[in-house]
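> What follows is a structure written as structure tokens; I'll ask about it next.
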Amino acid sequence: MFKSFIYTVFCALLLSVDSAHCQPAPAAAGADEIQVLIDVSGSMKQNDPDNLRIEASRLLVNLLPDGAKAAFWLFAEKTTPLSAADTVNSAWKQQASKATANIHSRGLYTHIEDAIQTVLSQGFSGSGKKHLILLTDGFVDISKDIMQSADSRERILSEWIPKLQQQNINVQTIALSEQADKELLEKLAFETGGWAETAQSAEQLQRVFLKMAQKAAPKETLPLTDNKFKVDSGIHEFSVLVFKKPHAAPTQLVAPDGKSMSKQSMVANVSWLESQAYDLITVKQPLIGEWRLVAEVDPDNQVMIVTDLKLQLSEIPNFLGESETLPIKAHFTDKDKLIARADFLGMLTLEVIQDQQAPAKMHALVAEPGFYQHQVEHLSLGKHLLKIVADGKTFKREIIHEIEVVATPITVEKHVDAAQRQISLKLLPDTKLIDPAGLVINAVINQAGHEPETRALASKDGVWLLDLVGLPPETTTHVNFNVMAKDHEGKPLTPAVTPLSIDDSWFAPAEKAEVAAPVAATDAHHESADHEEANHEAGAEHHEQSDQEQHPPPDAPKTNWLLVGGILLAINLVLGVGGFFTYRYLKKSQAEKHQQLLERLS
């Protein structure tokens, strides 16, 4: 019995070692967090006289993904909660939607610093991705004393932006009116890797909030062409967002079986959120086939989906320096597992569409089955819209991402010492634009498991230096830069320095990416009936096969030798203790037998 116990423990420990070695690294712990700050100062009476912030906020509430943690706040001279900070689900959305009716325009001041401080101290608590959405129509205004407001604005730049960077909080700002402090809002967005938008009028808020929702919680979409879209069997739910003009006819949705739905239809699996500016229609377990929207065509209309068959992208930054290239890497997953089956990939085409230009084909990587790549180059200054579209013959997927290319009056030179895992950064300002005497550069360095570190860069011979020594393997180091500068006339400048994410790829030897040759037309049409059947299984029944034919992701995690050593020590302890008790048991048994023998002899 004791031997079987030892055997069971030994096997369990061995399985633990095997599991630690073979399982992929888990995703980042913690749910995403989204905090929303709504300006309710008195100036909103002029800039949002019809209080359209209510409908825009209600739309944002319903676009937030289930499972995220979210909260809405109102701020003026002080900051107060509008909705509870809790996990997003149907009950939370219902409560938060009702709470938006309390948005007003009665505040005295615009205390942005207090709003940021309140959210940092009370709003964010988890370890997931963090997003702060800030809507305001004015400048920092905390009292009748102009100098107090100026000091508060300066503290946001010098103290609060570094704190936001330290906590990896992306700030998305919305300027409502031309009177807003765009310079401050844009700096908040850029320095934290967020996004900045200007709504020329309150009527644009719904569309701007849609962009902010896409930035905070990007969703896969279906291509919507001429108000038509195709639903495949892998889609569990879709939501159609339809923007409407004043006095537009009621929106209708026509299913593949020809049945027409409207707000009054009362269909069991359809929910319909209606306002004067938009309709948000959600259909659960939809029919497979082509759906049609009866409404005016609008480029901002979208079909967002919930599916197990997902198009996944490498992280795409919101900001890109001029002359920088943007690598885009994509793959498909089924229930979060990489799909690398030849029958699936053979029918798959991926394209990148930039600013409505001709599509550029993404190429398959030979060294990484299931992955596709494309380099976006020669982007001009300004904002650009990227669409990544996947066509699997029986299904389609689309991801939309907007980026901004910014001027870089401060260039960064990178020097890598792979042997010592050391990075040396040299920041060189364009002295024609920037006065070096007034240039201050701080770097905020973040590593998992370590407290964020803020380092003031020293200058030498017109170069600002940052050395990062002994960077640990299998860890990403994030470096953000906070720059304060002036031109030669003393006017403040806000130079953009793109944040850096330093991982193991920085220390790997440069290699040319291998690209698979495109499938020949004869191969693509060979035995078309068989391919149609295989493709149908890939698009409609892929979830039944992926576990059997799954290829692991290319970068398997390395063995955790500390864990292995601990487990081996535990095994030795168990065997040692087991051996001791086994010895005592045998000794006692032998003594009893010896005593019985003596009793029989006597």
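The values are calculated or read from the model by the stated rules, or taken from the named source; none is laboratory data. As the structure is a computational prediction, the values presented were derived from the model and not from experiment. When we count neighbours, we look across all protein chains shown, and the Cβ atoms used for this are built from the backbone with ideal geometry, even at glycine.
> Check off (1) part of a helix (DSSP H, G or I); (2) modelled with pLDDT under 95; (3) assigned by TED's automatic domain parsing to the domain that holds I103 for R58 and give me the number that stays unchecked.
(2)
> Here's another thing I want to ask about it. I'd like to know if the range 250-257 contains one or more residues that are closer than 28 Å to T333 by Cα, surrounded by fewer than 20 Cβ atoms within 10 Å (Cβ to Cβ) and not charged (D, E, K, R).
Scanning the range 250-257, I find at least one residue that is closer than 28 Å to T333 by Cα, surrounded by fewer than 20 Cβ atoms within 10 Å (Cβ to Cβ) and not charged (D, E, K, R), so the answer is yes.
> Hey, any hits in the range 454-461 for a residue that's under 25 Å from S127 (Cβ atoms) and surrounded by fewer than 17 Cβ atoms within 10 Å (Cβ to Cβ)?
For the range 454-461, residues under 25 Å from S127 (Cβ atoms) and surrounded by fewer than 17 Cβ atoms within 10 Å (Cβ to Cβ): present.
> Then there's this: In the range 66-108, which residues are touching a strand residue (DSSP E or B) at 6+ places or on another chain (Cβ under 9 Å) and more than 29 Å from S177 (Cα to Cα)?
Within the range 66-108, D66, G67, A68, K69, D86, T87, V88, W92, Q95 qualify.
> Specify the residue that is farthest from Q206 (Cα to Cα); the eligible residues are those in the range 42-96 that are of a type in the set (V, I, T) and crowded, with 17+ Cβ neighbours inside 10 Å.
The qualifying residue farthest from Q206 (Cα to Cα) is T79.
> Only residues that are under 20 Å from T408 (Cα atoms) and either touching a residue at least 24 places away in the same chain (Cβ under 8 Å) or within 22 Å of the chain's Cα centre (by Cα) (or both): list them for the range 371-381, please.
Those that are under 20 Å from T408 (Cα atoms) and either touching a residue at least 24 places away in the same chain (Cβ under 8 Å) or within 22 Å of the chain's Cα centre (by Cα) (or both): V376, E377, L379, S380, L381.
> Anything in the range 320-347 that is of a type in the set (A, V, I, L, M, F, W, C) and assigned to a helix (DSSP H, G or I)? List them, or say none.
A342, F344, L345, listed by residue number.
> Working only within the range 62-105, note down all residues that are of a type in the set (V, I, T), part of a strand (DSSP E or B) and either over 23 Å from P218 (Cβ atoms) or in the same structural domain as I281 (by TED's automatic domain parsing) (or both).
If the condition is that a residue be of a type in the set (V, I, T), part of a strand (DSSP E or B) and either over 23 Å from P218 (Cβ atoms) or in the same structural domain as I281 (by TED's automatic domain parsing) (or both), then T79, T80 are the ones that fit.
> Provide a single number: the residues in the range 252-301 that are part of a loop (DSSP other than H, G, I, E, B) and within 23 Å of L64 (Cα to Cα).
12
> Here are some residues: Q420, Q447. Which one is farther than 30 Å from S158 by Cα and surrounded by fewer than 18 Cβ atoms within 10 Å (Cβ to Cβ)?
Q420
> D435: out of contact with any His (no Cβ under 6 Å at 6 or more places or on another chain) and either acidic (D, E) or free of Cβ contacts under 8 Å to residues at least 24 places away in the same chain (or both), yes or no?
No: the conditions fail for D435.
> Please go through (1) under 21 Å from the mean Cα position of the chain (by Cα); (2) surrounded by fewer than 16 Cβ atoms within 10 Å (Cβ to Cβ); (3) of a type in the set (S, T, N, Q) for Q285 and return the number of the only condition it doesn't satisfy.
All conditions pass for Q285, except number (1).
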